[in-house]
Structures are given as C-alpha cells and as structure tokens.
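The values are calculated or read from the model by the stated rules, or taken from the named source; none is laboratory data. Nothing here was measured: the structure is a model prediction, and the numbers come from that model. When we count neighbours, we look across all protein chains shown, and the Cβ atoms used for this are built from the backbone with ideal geometry, even at glycine. The accessibility values were calculated without ligands, DNA or RNA, using every heavy atom of the protein model including side chains. Shrake-Rupley method; radii C 1.70, N 1.55, O 1.52, S 1.80 Å.
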Amino acid sequence: MSRARADEEEYWHSSKFRAFTFDDEDDELSQLKESKRAVNSLRDIVDDDDDDLERVSWSGEPVGSISWSIKETASGSTSSLEGRDSSLQKGSSSYAAFPKQVSSYSLSSLFKGRNKLPSFQSLSDALTDTGVKNYAPELRRPKAEYKDYTSDWSPKDTVRRMQRGKVCSLERFRSLQDKLVLLDEAVAGHDGNVITAVLIFLKRTLRREILFRELEVRQVALCHLIHFLRETGEQKFLLDLLRFLDRTEEVALSQYREHLNIQDVEKRREFLKGCIGLPFSAEDTSHIQDHYTLLERQIIIEANDRHLEMAGQSEIFRKYPRKASILNMPLVTTLFYSCFYHYTEAEGTFSSPTNLKKTFKIPDKQYVLTALAARAKLRAWNDVDALLTTKNWLGYTKKKAPIGFHRVVEILQRNNAPVQVLQEYVRLVEDVENRLNLATKYKCHDVVIETYRDLKDRIQLTAYKCKVERGSAEEEKINSILNN
C-alpha cells in the first residue's frame, strides 16, 4: 500500500519537460532553429541558376522537361488536398509531410529547362493583374458637351462660345454665306481674338480673290487681318492684299520695311537705292532719298575713321577711342559723331558737321543743341563760345542761343563746366526769376548779387549775405553795395 502511494506521488511530481537554459543545445527549440537553417540553406542551393548543372526531380526526370511538366501540372491540383490529409493522419509522427505546391513554370521555362520557386502574389500585383477585369461604371458626359463636336451651333452661338473660351469647330461652316455670317457675328461681338481666329479660318479655306473682295467692304475685319499679317511677317500675302486694294503707298512702305532684315551694309544700300523709285508720296520719297544718302555717307566716314584709328595718326582717336560703329545710326547720332571727331573740318568733306547740316537741311535749333552737347563733352569751351556768338551786318558780335540760354546752362553744368563759364551764360537768361533760380542752384554768387542790385532789393541782398563765406570777395561786394 505504501509502495503504491509512493509511485503515485512520484508520478504526480515527476515531469518529462526540463527547464530552459541557454546552454542546453538539445532542446526542441534549438532543433527547430537548426531545421530552419537547413531549409534556408537548401533554398539557396535550389535558387542557384547554373546552366551547367541539370536538376532532377524525385521521379528521376530532368526538371523542365515536357513529360515532367505534364505530370507536375496534373498532380498540382490534388497535391494540396492530399498533403493536408496526410498531415492530419500523420500528425502524431515525428516527421510531417510537406504539401506539394502548385507549379508556376512559364512556357519559356519549359524549353529553357529552368525552374523558379513559386512566389506568393501580393495584393498590389493582384489588383494590377491584367487578367482581372475592372467593372467600374463609366461616367457619361453631359449632353451639352457633345454639341461641341456634333455641329449643332449656329454662327452666333459659336461666336459666343469662342468668347467664353470654349472649343468650337469651324469646319462645319462650308458655304461662303455661312462663313461670311460667322465673320459678321465675330465683328459684332467686338472681340479681337475671335475676329482673328475667324479670319485665320477664312484665310485657310477661301481663295485670295474672294477673301479680298469680301474684306474690302468690311473695314474692321480688314484692319485686323492687315495687323495680323504684319505681326506674323507674311509679307507676300500682305503685299497681294494691298495691291488688290490699290494702296500703292502702303505697298511701297511695306517693301521699304524689308531693309530692316538686311544685315549686310552694301546690300542694304543697294536695296534702299531700289526703293527710291517706289510709288511713295512726295514727303516719303525725300525721306527715302535722305536715308540712302546718309547710309552712303556713313560707309565713307566709317572706312576713313577706321583707317585713322588703326594707324594712330589722329590725336582725338587716341584720346577718345570710338565705342561703336557709325553705320546704320540715325542722323542726329551721325551729327553728334561728326561734331565730336570732325568739328574743325572744312565744309567740303563728307564728315564735316556743316556739310551734314546743309545736305540734310538740319534746323539751327537741332544743330546747336547737338554741337553744344558734343563740344561740352570734350570741354572745348572756346568752341562753345564761338558756337553761340553771331555777327550782325555792322560787324558787332552778340550771343545768341536758338535753344534758350537756360538750356545752354543745363548742358554746360551737366558736363561739369567751371563756375566762370556758367556765370557768363546765366547772366544771359532773360527771365529774372529763372536767372535767380539757376544762379542760386549752381552757386553763381556774382549773378545773384548783381541781380538783387539791379532790382534794388536790399532785404534779399542782406539775406543772401548769410549764404556766402565770411571774408570772401562776394561778402565784400555785398557790403559795398549795401553801404552805397
């Protein structure tokens, strides 16, 4: 009885499971880890794609052969069920059977003799699979949008939709009457973009004679088309239109504008020479003649000055090198250039300022203004004085400025003229208020003192005494005037 009791207590207190220790290498957990490592190492060996090695299945047939693939495909559908049943039946056994997975060999792999491990399809792959059809319903467009392409719009509605930026096809307007109605509706809408779009459509679909004839009685559309052709540079089409309208002067001006696209100087000169005979008005003809003559002069002056500058024979070119070429410059710029580099030359030379003034009939006011700016920039004050000095028939000299002496003072001060030079021309300003303002602004003290003296303004003269330096000649002059 005592033995049976002892056996019973030993049974209840005994256990076949042992406590876990890190040093215990025989436990089942470590065995499981070793099994996983072995399986992973086998997978690495199986994934090795070596063309020299021929892999063999358990049946003894080479992997990738046609007979093997047929058997593999036939048995693939039942392998999972059989593996599941066998695993349930042999669950108590120490070795569990692994279920056979479905083959994933492609047609190319059958002939290449290669095998790839089956991979599980991810959710993103399943959604992007081309074999899966998408049954999402397609949203229908509003019926109003289909009218843009069904040609149901009238010319008036078409213009309105174009004004709102809608896409409208103009190809449905095939007859001449429909096209003219469309153009009239566009002009009535007062939208330049719509008018230009309709004109481009008519220009593309109508003959020139018909288009020109219809535009002749539609001046608004005609002006839009002429402006469009000038902007886009369609010179030939524009000339044909102007000739049809018998606008000879505009034809000549359009041809004259072509000289702007000619870069070569000699070719431009020859082109301008040919433009002289075009049917310009009398005033425009003289301008074309002056343009041709000026370019001819510029070519001669440029060649001569380039030679002098390279040879170093002229002092003014050494002291003030040229910054740009004179070719294709305006007349005023050419006059300034001549006054700067060739002011003392005789009238018979092409580069003489006097010759340019006489040839191109430059007014005295423009000539004096340009020459004054050029000589003041060189600080040639004697030339400035000679430019503004005239003689009458009795031989008396007098200072005269067609541009006004206040402008002369401003130009001289801008070029840093001395106070003595400025005072001489400030005194010549006729208006007393302007004279005082200029004299005070540019610190011409003698002019201010003399003006207040002539005005007998003792108060202003006393106040101005505080603005000059103490002990200076100006202060002594003011004291002398006040004492007398």
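Ranked highest first by the average count of other Cβ atoms within 10 Å around their residues, in what order do 282-294, 374-386 fall? Don't skip to the end; give the middle numbers.
On the way: 282-294: 14.4, 374-386: 16.5.
Descending mean neighbour count gives 374-386, 282-294.
Each residue of the stretch 268-280 was assigned a 3J(HN,Hα) from its phi angle through the Karplus expression (A = 6.51, B = -1.76, C = 1.60, θ = phi - 60°), giving 5, 4, 5, 5, 5, 5, x, 6, 5, x, 6, x, 7 Hz with x at Gly and Pro. Is there a pair in LYS391/LYS467; LYS377/LYS465; LYS358/LYS399; LYS398/LYS456 whose C-alpha atoms are over 29 Å apart, and which pairs would that be? In this structure, LYS391/LYS467; LYS377/LYS465 lie more than 29 Å apart at Cα.
Report the full-extension gain for the segment THR248 to ALA188: residue separation times 0.36 nm, less the Cα-Cα distance, to one decimal in nm. Display every interim value, and only then the final one.
Details: separation 60, 0.36 × 60 = 21.60 nm, distance 2.99 nm.
Here the answer is 18.6 nm.
Note on GLU410 and GLU476: the extension gain reaches 20.9 nm, defined as 0.36 nm multiplied by sequence separation minus the Cα-Cα distance. Placing a pseudo-label 7 Å from each Cα along the Cα-to-Cβ vector at LYS267 and HIS287 gives an inter-label distance of 2.5 nm.
Stokes-Einstein D for the stretch 345-484 at 20 °C, 1.002 mPa s, Kirkwood Rh over Cα pairs, in µm²/s? Taking Rh from Cα pairs, D becomes 126 µm²/s. Working note: Karplus 6.51/-1.76/1.60 with θ = phi - 60° gives the stretch 223-230 the couplings 5, 5, 5, 5, 5, 5, 5, 5 Hz, where Gly and Pro are set to x.
Over the stretch 151-246, with the other protein chains present, what is the accessible area per residue in square angstrom, probe 1.4 angstrom? It would help to have the intermediate numbers written out before the result.
On the way: 5510 Å² over 96 residues.
Per-residue value: 57 Å².
For the stretch 184-266, a Kirkwood radius taken over Cα pairs fed into Stokes-Einstein (37 °C, viscosity 0.692 mPa s) yields D = 239 µm²/s.
Rounded to the nearest 0.05, the FRET efficiency derived from the C-beta distance between ILE403 and VAL432 at R0 = 30 Å is 0.90. For GLU234, no residue whose modelled amide H falls within less than 5 Å of its own remains once neighbours fewer than 5 places apart on the same chain are excluded.
Out of the total accessible area of the stretch 348-484 (probe 1.4 Å, heavy atoms of protein only), what percent is carbon and sulfur? Let's see the in-between values first.
On the way: 4000 of 8410 Å².
Answer for the stretch 348-484 is 48 percent, counting heavy atoms of protein chains only.
The apolar share of the surface of the stretch 151-246, taken as the fraction of accessible area on carbon and sulfur atoms (1.4 Å probe, ligands and nucleic acids excluded), comes to 49 percent. Per residue, the accessible area of the stretch 262-362 comes to 57 Å², computed with a 1.4 Å probe over protein heavy atoms only.
Gain in length, ILE210 to THR349, computed as 0.36 nm per residue apart minus the alpha-carbon separation, to one decimal in nm? Could you put the intermediate results ahead of the total?
Numbers: separation 139, 0.36 × 139 = 50.04 nm, distance 5.67 nm.
Here the segment from ILE210 to THR349 would lengthen by 44.4 nm.
What's the local net charge at LYS400, with K and R +1, D and E -1, over the other residues with C-beta under 11 Å away? Walk me through the numbers on the way to the answer.
Details: positive: LYS391, LYS398, LYS399; negative: ASP364.
Summing Lys/Arg as +1 and Asp/Glu as -1 gives +2.
Rounded to whole numbers, the Karplus 3J(HN,Hα) couplings from phi for the stretch 400-414 are 9, 10, x, 8, x, 6, 5, 5, 4, 4, 5, 5, 5, 5, 5 Hz, using 6.51 cos²θ - 1.76 cosθ + 1.60 with θ = phi - 60°, and x at Gly and Pro.
The stretch 262-314 and the stretch 172-206 have Cα centres lying 45 Å from one another. For the stretch 383-450, applying the loop criterion from DSSP together with a ceiling of 10 other beta carbons within 10 Å to the GluC sites (Glu not before Pro) yields GLU430. When each of the peptides 305-314, 411-420 is scored by the mean number of other C-beta atoms lying within 10 Å of its residues, the order from highest to lowest reads 411-420, 305-314.
What FRET efficiency do you get for GLN313 and LYS377 if R0 is 30 Å and r is their Cβ-Cβ distance, rounded to the nearest 0.05? Write down the numbers at each step before the final one.
Working: r = 23 Å, r/R0 = 0.75.
Calculated value: 0.85.
Ellipsoid semi-axes for the stretch 372-443, based on the Cα gyration tensor and the rule √(5λ), read 20, 16, 9 Å when sorted largest first.
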